[in-house]
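Before any comments, here is the structure.
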Amino acid sequence: MEDSVLTLKNLSVGYDEPLISNINVEVFPGEIIAILGPSGIGKTTLIRTISGLVRPLSGSFDLKVEKRGGLGYIPQRLGLVRHATVAHNVSLGARTRIKFSLNMWKERSQRTMDALRMLGIAEKSNEPVRRLSGGQQRRVATARTLAQRPQLMLADEFLGELDHSNVEIVFKAVQTLVENGTAVIMVEHHDDNAQLFATRIWNIKGDTLEDFSLEEWNIRTLGGEEE
Amino acid sequence: MKYRLFGIIFILLFLAWHTLNGLIEGDWGRLGGGFENLSVFFSESMWPPNWSVLEARSYPVCESDIEFFCSVGYLGMMETIKIAFVATILGFIGALFFSSLAARNLVPLYVAIPVRILLSATRSLPSLIWAILFVIVIGFGPLSGVLAMTFYTVGYLGKLQYETFEGMASDSLEASRAMGLSRSSILLNVVIPENSNHLLSQLMFMFEYNVRHGTVIGIVGAGGIGYYISTYLKFLQYEKVFALLILIFVVVVIIDLLSMMVRSFVNDEGDVRRPTWLNFILTPKEE
């Protein structure tokens, strides 16, 4: 079995009081994990903790990715540079993973344009991000992670505001990362999206994280245990 | 909410009045006399402005076909603008360097605090004092003016910039940090572009400020139009001083219009309709 990219050991996350306690899970390359649960329960805090932006209250996590560019993160508000162009934003992702060489500018530009084409926004490459619609901005954020090619991608409701066809475009792009071994952890509000794309579900209930395979989750939800 | 706002404004005005009353020891009569003095001084000494400051000087002989280019007003103003331009550019770059080390959301507190103290020290000396210091150190002339204004610009713009950086939305910073971008890359590719509207506005404001203050530092021998203002003041030629003040006012208004134009490239309003040069003079009609 492949080595995990992330191991959470007795991890408790929260700000002053723990929101989720005693998490013990491992994440392997190529997995797509959807975190489900009601608003305010700690889903965002969990991925902010994994991304290193919030300190864990107790326990530890072991992130086995390269320090520079190994982790991709799409925050809830997307984290785009609004006054810069679409291409500039996407190239930030490529920048983290390309080593210094004479070809680096060419390679960066190539990766940027490939990602933009895959997300269907290549014609917007020179537009400032602030001019784009919410859905287009989500595609830019995804393209940035696509150009980065991280080992672990964390995304906070990145499929929100997207219509069905755009969800498919975005997820097709994410699938290319997954095929190359990227693990994805995404916070989702829509159970449908989780069931369509995820391979594992982390359901937050109370202050506990329940870990399910997709099959187990389907049996559980179809069997009416949630009611 | 509206009444609370009025209440706060009223309290602030009362505090200001009360403090001023203490400062002048209740002698409001001086204010009335002051207005009368100003009116007499303005009507008898300053009015009408003497526009000979825009005519060619008698010496050295004018070699240009257009007399204006040899005038005291043009030469002094151009030197002031050049001093302000160089000082603003150098000061802006210096301020960017220091402000990126002073913003608490970009660097740890143990780095930010000493840099803030340094910026405060630079700012606490007005540009006039800097000018006097540099005139003593390197002598009269525009170089003293440039150095004085550069130092003051670093301190002043540095504060505005680090406060702007601290006020930016955190999501783009968080995403960049999580991605593993270096500090310098975050500054150059995220922080500066994200705050470009504010930075440009501050840059243009500082340029305008430096042009205005060029008149003051010129008085102590640091070059520019202030040198001529100082000379005319010594010889009590107030109508010429007034003409030069009007010239400075016109230049300041032009810089303000230029600032509006430049910022339209990086703000949301500019996306909808970028102002034309005509819009600066005539307010566009609502469609």
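The values are calculated or read from the model by the stated rules, or taken from the named source; none is laboratory data. The shown structure was predicted, so the numbers you read here are calculated from the model rather than taken from an experiment. With ideal geometry, Cβ positions are generated from the backbone for all residues, glycine too; neighbour counts draw on all protein chains shown.
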* Structure fact -> Being outside any loop (DSSP other than H, G, I, E, B) and within 25 Å of B:Gly221 (Cβ to Cβ) narrows B:Phe68, B:Phe92, B:Phe42, B:Phe85 down to just B:Phe85
* Subset of region A:13-40 [within 19 Å of A:Glu157 (Cβ to Cβ) and surrounded by fewer than 19 Cβ atoms within 10 Å (Cβ to Cβ)] -> A:Pro38, A:Ser39, A:Gly40
* Structure fact -> Residue set A:Leu146, A:Leu159; condition farther than 17 Å from A:Arg82 by Cα, within 14 Å of another protein chain (Cβ to nearest Cβ), surrounded by 19 or more Cβ atoms within 10 Å (Cβ to Cβ) and out of contact with any Asp or Glu (no Cβ under 6 Å at 6 or more places or on another chain); output residue A:Leu146
* Structure fact -> (1) over 30 Å from B:Leu187 (Cα atoms); (2) exposed (fewer than 11 other Cβ atoms within 10 Å of the Cβ) all hold for B:Leu54 apart from (2)
* **First in region B:174-192 and more than 7 Å from every other protein chain (Cβ to nearest Cβ) and over 14 Å from A:Gly79 (Cβ atoms), second anywhere and at pLDDT 90 or above and assigned to a helix (DSSP H, G or I), Cβ under 6 Å, 6 or more apart** => B:Leu187/B:Ser100
* To do: State whether the residues of region A:171-179 include one that is modelled with pLDDT under 85 and touching a helix residue (DSSP H, G or I) at 6+ places or on another chain (Cβ under 7 Å).
  => no
* Here are B:Ser43, B:Ser100: which of them is of a type in the set (S, T, N, Q) and closer than 24 Å to B:Phe165 by Cα? -> B:Ser100
* Which one of the conditions (1) in a helix (DSSP H, G or I); (2) within 14 Å of chain B (Cβ to nearest Cβ) does A:Glu123 fail to meet, given that it meets all the rest? -> (2)
* **B:Ala102 in a helix (DSSP H, G or I) and either aliphatic (A, V, I, L, M) or at negative phi (or both)** => no
* Asked: Can you tell me which residue in region B:188-242 is surrounded by the fewest Cβ atoms within 10 Å (Cβ to Cβ), limited to those that are closer than 16 Å to B:Lys82 by Cβ and among the polar types (S, T, N, Q)?
  -> B:Thr215
* Of the residues A:Gly120, A:Gly135, which is within 30 Å of A:Gly42 (Cβ to Cβ) and of a type outside the set (D, E, K, R)? -> A:Gly135
* Structure fact -> The correct count of residues that are touching a residue at least 12 places away in the same chain (Cβ under 8 Å) and either touching an Asp or Glu at 6+ places or on another chain (Cβ under 6 Å) or among the aromatic types (Phe, Trp, Tyr) (or both) in region B:105-129 is 1
* Asked: Just a yes or no: is a residue in region A:91-105 surrounded by fewer than 18 Cβ atoms within 10 Å (Cβ to Cβ), farther than 14 Å from A:Met153 by Cα, within 12 Å of chain B (Cβ to nearest Cβ) and modelled with pLDDT of 90 or more?
  -> no
* Given the residues B:Gly155, B:Gly221, which is the only one that is outside any helix (DSSP H, G or I) and more than 12 Å from the chain's Cα centre (by Cα)? -> B:Gly221
* Would you mind finding the one in A:Gly30, A:Gly40, A:Gly52 that is over 23 Å from A:Phe171 (Cβ atoms), of a type outside the set (Phe, Trp, Tyr) and away from every other protein chain (no Cβ under 14 Å)? => A:Gly40
* To do: State which residue pairs qualify: first residue among the aromatic types (Phe, Trp, Tyr) and inside region A:174-199, second residue not in a loop (DSSP other than H, G, I, E, B) in any location, beta carbons under 7 Å apart, and separation of 6 or more residues or different chains.
  => A:Phe197/A:Ile32; A:Phe197/A:Phe171
* To do: Look through region A:55-83, keep the residues that are out of contact with any helix residue (DSSP H, G or I) (no Cβ under 9 Å at 6 or more places or on another chain) and in a strand (DSSP E or B), and return whichever of them is nearest to the other protein chains (Cβ to nearest Cβ).
  => A:Asp62
* Asked: Of the numbered conditions (1) surrounded by fewer than 10 Cβ atoms within 10 Å (Cβ to Cβ); (2) under 20 Å from B:Phe235 (Cα atoms); (3) not polar (S, T, N, Q), B:Pro60 satisfies every one except a single condition; which is it?
  -> (2)
* Where B:Ala84 falls short, out of the listed (1) crowded, with 20+ Cβ neighbours inside 10 Å; (2) over 17 Å from the mean Cα position of the chain (by Cα) -> (2)
